[in-house]
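J.: Got a structure for you, written out below as structure tokens; questions coming shortly.
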Amino acid sequence: MKFLRAISRLIIGLTFIFSGFVKIIDPVGAGLIVEEYFKWLGLGEWHFLFQTVGVTLSGTELLLGIAVLLGIRMKYACKVAFWFMAGFTVLTLILAIFNPITDCGCFGEALKLTNLETFLKNVVLMLFATVLYFQRNKFIPVAPAAWEWGFAAVYALMIMGLSSYSYRHLPLIDFMEFKVGTNVASKLENVPLNTDEPQFETVLIYSKDGKNYEFSINDLPDSTFTFVDSHTKQTKGKGFLKPMDFAVSDINGTYVTDSLLAIKGPLFIISVPYMHKIGEKKAIRINRFINSLKSHNLPVAILTGSGWSETTKTTKEFGIEVNTYHTDFKTLLTFNRSNGGVVYFYDGTITKKWSSAGMPYKDIDSILNEDPELLAAKTRIREQLSAEIAAVIILLMIVIMRYVCRIVYIHKHSESEWIAETEKFNDDNGE
């Protein structure tokens with residue numbers, strides 16, 4: 001049984017760490033996953049909770065994995081891990097039967113599983129979680145209780161810092177379809193277009209009195225309606241199929257993706273999924289960046305997911321003068337996780353990305369002087385190394401803490417005495 005406990009601790013610990021880590025380094029993506037569940041439950045208007053719930057669940061999952069693998073507060077960690085797995089096993093069973101959501105988001109953007117695969121995975125993990133739950137009283141403490149709580153607090157602070165950094169900047173590693181090195185033009189060319197030029201229209205969904213209504217961007221409802229979602233649909237052209245969602249249109253609804261991606265050499269696109277969230281500070285950075293590009297006579301455009309009325313109002317208010325186009329806001333969040341972030345194209349290939357906080361308005365010359373392919377390769381290597389270093393630090397701290405505790409802390413009881421004492425404590429407390 002001791003071997004089974006060790007295997008269960010290893011599998012649950014590593015799985016929770018991996019699952020929590022790939023989501024905590026992409027807090028915006030974690031929020032989008034939660035949004036899908038909330039919409040399924042009819043709570044799509046609770047926008048203020050999406051990000052918070054997503055980060056909280058991801059952080060809890062990562063902290064649980066660390067606690068189980070390190071062996072701290074095992075009575076609590078094993079209980080929470082068991083009920084965590086039980087809840088999500090039931091949830092994924094419902095997803096597997098009814099398929100209301102195509103991607104459960106268990107491993108963020110890093111690993112995609114079908115709902116059935118996710119359920120079967122959870123069934124296997126549930127077996128190991130059950131072992132830990134019923135064997136939770138047989139784990140000998142690795143350190144005094146105060147130390148163990150201290151270790152948990154240190155890791156919790158690390159997780160919060162990692163999430164905050166990834167939110168302010170960009171995910172440590174980009175697993176999405178618009179990652180650096182992707183030639184968007186060639187991907188869109190993989191499927192032939194019809195001779196009729198396709199055009200697209202953005203449909204905005206608002207709710208009132210529990211019902212959803214669709215509006216065009218030129219015919220928005222009054223303030224008594226609440227915004228819910230938006231999507232892009234084709235209005236002209238036949239049979240337009242594409243391997244990735246990147247339908248860009250101008251204010252007249254004319255499809256302009258091809259003309260944008262046909263630009264040879266450098267092209268800078270400022271991604272603004274939510275135009276109404278562009279405040280004065282971001283607007284100053286955007287204008288400074290645009291002016292820097294214009295001084296170099298470089299093409300620049302804004303892609304927004306907001307309606308044209310909101311877009312026009314914001315650009316006029318802050319004096320943002322640049323070609324502005326529209327695409328689905330969810331596409332933009334895949335394109336660049338930062339509201340007001342920058343994507344650098346070269347010959348239709350994504351070469352580098354920056355967050356709104358890291359706009360490179362002072363570094364245009366150095367960017368242009370660097371070979372685009374080399375810049376893209378260096379960016380991908382830097383992303384990979386950053387994520388790997390963060391993961392290694394977490395795992396290395398677990399090993400070091402456990403090793404040090406073995407040396408400096410020796411529990412006063414043997415394993416059998418500890419089990420007997422724990423069972424007596426549980427009996428006395430009615431557990």
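Taken together, the values in this text are just the output of simple stated rules run on the coordinates, not laboratory data. Since the model is a prediction, treat every value here as computed from it, not as a measurement. For neighbour counting, all protein chains shown are included, and Cβ atoms are generated from backbone atoms with ideal geometry for every residue, glycine included.
J.: Using only Cα atoms, find the angle between the long axis of helix 280-295 and the longest principal axis of the chain, and express it within 0 to 90 degrees, rounded to the nearest 10.
T.: The answer is roughly 50 degrees.
J.: How much net charge surrounds Ala96 when only the other residues with a Cβ under 12 Å from the Cβ of Ala96 are counted, with Lys and Arg +1 and Asp and Glu -1? Can you show the working numbers first?
T.: Numbers: positive: Lys121; negative: Glu117.
Combined, the nearby Lys, Arg, Asp and Glu give 0.
J.: Tell me, how many Å apart are the Cα centres for segment 134-169 and for segment 274-319?
T.: Using only Cα atoms to place each centre, the spacing works out to 42 Å.
J.: At a 10 angstrom cut-off on C-beta neighbours, averaged per residue, how do the peptides 253-262, 351-360 rank from highest to lowest?
T.: Top of the packing list down: 351-360, 253-262.
J.: Once you've got the Cα coordinates, tell me which of Lys39/Lys352; Lys79/Lys138; Lys313/Lys353; Lys316/Lys352; Lys264/Lys313 are over 24 Å apart.
T.: Details: Lys39/Lys352 33 Å; Lys79/Lys138 13 Å; Lys313/Lys353 27 Å; Lys316/Lys352 29 Å; Lys264/Lys313 31 Å.
In this structure, Lys39/Lys352; Lys313/Lys353; Lys316/Lys352; Lys264/Lys313 lie more than 24 Å apart at Cα.
J.: Another one. Between segment 336-388 and segment 56-72, how far is it from one alpha carbon centroid to the other, in angstrom?
T.: What the calculation gives is 33 Å, centre to centre.
J.: Between rounded, prolate and oblate, where does segment 37-106 land on the alpha carbon gyration tensor, with a ≥ b ≥ c its root eigenvalues, rounded for a/c under 1.5, else prolate if a/b exceeds b/c?
T.: Judged from the Cα gyration tensor, segment 37-106 comes out oblate (a/c at least 1.5, b/c at or above a/b).
J.: If you build the convex hull over the alpha carbons only and average its shadow over all orientations, what do you get for the chain? Give it in nm² to one decimal.
T.: Taking a quarter of the hull surface, the average projection is 25.2 nm².
J.: Anything over 27 Å Cα to Cα? Flag those among Lys187/Lys281; Lys23/Lys362; Lys187/Lys277; Lys2/Lys75, in the order listed. Could the numbers behind the result be given before it?
T.: Working: Lys187/Lys281 35 Å; Lys23/Lys362 32 Å; Lys187/Lys277 31 Å; Lys2/Lys75 16 Å.
Flagged as over cut-off: Lys187/Lys281; Lys23/Lys362; Lys187/Lys277.
J.: Between Trp147 and Arg380, with labels modelled 7 Å along Cα→Cβ, what's the label distance in nm to one decimal, could you check?
T.: 4.5
J.: Once the Cα atoms of helix 145-168 and of the chain are each reduced to a long axis, what angle between those two axes, in degrees from 0 to 90 to the nearest 10, is obtained?
T.: 10
J.: For helix 372-408, report the angle its Cα long axis makes with the longest principal axis of the Cα atoms of the chain; keep it between 0 and 90° and round to the nearest 10°.
T.: 20
J.: Here is a further query. If each of Leu368 and Tyr165 carries a label point 7 Å out from its Cα toward its Cβ, how far apart are those two points in nm?
T.: Inter-label distance under the simple model: 3.3 nm.
J.: Grab the other residues whose beta carbon is less than 15 angstrom from that of Gly59, score K and R as +1, D and E as -1, and report the net.
T.: -1
J.: Another one. Restricted to Cα positions, what overall size does segment 1-63 have along the principal axes? Three whole-Å values, descending.
T.: 48, 23, 12
J.: Using just the helices of the chain, give the 222 nm mean residue ellipticity in deg cm²/dmol: DSSP H runs with n ≥ 4 each add -39,500 (n - 2.57), and the total is spread over all residues, rounded to 500. Don't skip to the end; give the middle numbers.
T.: Details: 14 runs with 232 residues, N = 431.
Calculated at 222 nm, the ellipticity per residue is -18000 deg cm²/dmol.
J.: Once the other residues with Cβ under 13 Å from the Cβ of Phe151 are scored (Lys, Arg +1; Asp, Glu -1), what is the net sum?
T.: Within the 13 Å Cβ shell, the charges total +1.
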